[in-house]
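Notes follow once the structure below has been shown.
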Amino acid sequence: MQPEKSTSFRKIIHIDMDAFYASVEQRDHPEYQGKPIVVGGPPTGRGGVVATASYEARKFGVKSAMSSKRAAQLCKELIFVKPRFDVYKEVSLRILEIFRRYTDLIEPLSLDEAFLDVTVDKKQIGSALEIARQIKQSIKDELRLTASAGVSINKFVAKVASDMNKPDGLTFVGPSKVAVFVEKLPVEKFFGVGKVTAEKMKLMGLHTGKDLKKLTEGELVRSFGKMGKFFFNTARGRDDRQVQSHRDLKSVGAEDTFPFDLVTLEEMNIELEKIADLVHDRIRRRGLRAKTLTLKIKYHDFKLITRSRSFQDSIDELEVIVLTAKELLANTLGASQKVRLLGISLSNFGEMIRHNNDDSDQLTLFR
Ligand code: DCP
Ligand code: MG
């Protein structure tokens, strides 16, 4: 019998597909292989945007979220391809299926990205680096696509690592290397640091993890609020956020507190559309469908109510979310009530269930 190996470190893998939509299109259309392509709206239409660009197109400076028009200017021979979301979703499920051979502790962040906790793995391989290698190989062999992986002791470091040697990268930051790795990291790479926070940090003379470490927890909290505590810990390579599988994910939502109370139903409906858009984006990125929608309303007197509706078949369509939220709101409002907060959340997601079928793992998304 093998001795039990005990370690206090978790083993976390972050995997992110390379130029995801574009790679799928290049795979399925050999004529696009080796060519600069983008997936997104055409440059002729109004408001066409690049969802993603192949690595060949990135050499010209073309990238995600850029207008298609601008992309066409940067690269004359650029090929524009219409997205096929159903195919990306299908590929995404196949990738999850590969992950599940090693662990059920999987947290997908979007269709092409997930965290895996392999502290304990089903095949008893023991080495997270070896598991990441095998996963990358299976994605290549079975799906003819490449992924980049980061392997470390927590989510924060694993995610930064997976981005370091793209495409087809595999970056391992072992327990003894974490501290130095984080010290060298530019503040922009820290989880929770957006443009505004990065600017503020630079003004304070904070450029790297090493600089952040010079401040006390109190000082960081004073300057950055709640996130200050998180920065204090991550600058020391600590991050105890758990990998949260869909099974544990109870709901996904968004809400907004308004600077002025809303008075008319029209005003409220406009705000509801914005909130619905956010929620829709969040579940779509995770490839989720929900059976229950809950509307949250806080009135000007701070009275809080929620109203829910459940569906026979689970939903992920923006129109259904908007319509249902509006109906619940219209049914709820007492005469001329002023509203200070509105929120929408979706819950009751389809569960990923594994079937053992001739020894091969099959993944079904129950709707
Ligand atoms: N996506 C999108 N709009 C964006 C960003 C991304 O529609 N603004 C879509 C297209 C991408 C997919 O999500 O293919 C995954 O996003 P990533 O940020 O992981 O980008 P890629 O996988 O395309 O490239 P990379 O190799 O940098 O991960
Ligand atoms: Mg990606």
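Summed over the range 17-40, the residues that are of a type in the set (Gly, Ala, Ser), open to solvent by less than 10 Å² (accessible area, probe 1.4 Å) and part of a helix (DSSP H, G or I) give a count of 1. Restricting the first member to the range 97-116 and to residues that are free of Cβ contacts under 8 Å to residues at least 40 places away in the same chain, and the second to residues that are away from ligand 2 (no atom under 15 Å from the Cβ), the beta-carbon pairs closer than 6 Å and six or more apart or on different chains are Tyr102/Val118; Tyr102/Asp121; Tyr102/Lys122; Tyr102/Ile131; Thr103/Leu116; Thr103/Val118; Thr103/Asp121.
Looking only at residues in the range 279-302 that are free of Cβ contacts under 8 Å to residues at least 40 places away in the same chain and under 14 Å from Val320 (Cα atoms), which one is least open to solvent (accessible area, probe 1.4 Å)?
Residues of the range 279-302 that are free of Cβ contacts under 8 Å to residues at least 40 places away in the same chain, as a first pass: 281-282, 284, 301-302.
Filter once more, keeping what is under 14 Å from Val320 (Cα atoms): 281, 284.
On the way: Asp281: 66, Arg284: 99 Å².
Filtering the range 279-302 for residues that are free of Cβ contacts under 8 Å to residues at least 40 places away in the same chain and under 14 Å from Val320 (Cα atoms), the one least open to solvent (accessible area, probe 1.4 Å) comes out as Asp281.
Exactly one residue out of Lys166, Lys159 is modelled with pLDDT of 95 or more, within 21 Å of the chain's Cα centre (by Cα), within 30 Å of Gln33 (Cα to Cα) and in a helix (DSSP H, G or I), and it is Lys159. Taken over the range 137-165, the criterion of being open to solvent by 60 Å² or more (accessible area, probe 1.4 Å) and either within 19 Å of Ser245 (Cβ to Cβ) or in contact (Cβ under 8 Å) with a residue 24 or more places away in the chain (or both) is satisfied by Glu142, Arg144, Lys159, Asp163.
The values are calculated or read from the model by the stated rules, or taken from the named source; none is laboratory data. All figures in this text were calculated on a predicted structure; none of them were measured in a lab. Neighbour counts run over all protein chains shown; Cβ positions are idealised from the backbone, glycine included. Areas reflect the complete protein model, heavy atoms only, side chains present, ligands, DNA and RNA absent. Shrake-Rupley method; radii C 1.70, N 1.55, O 1.52, S 1.80 Å.
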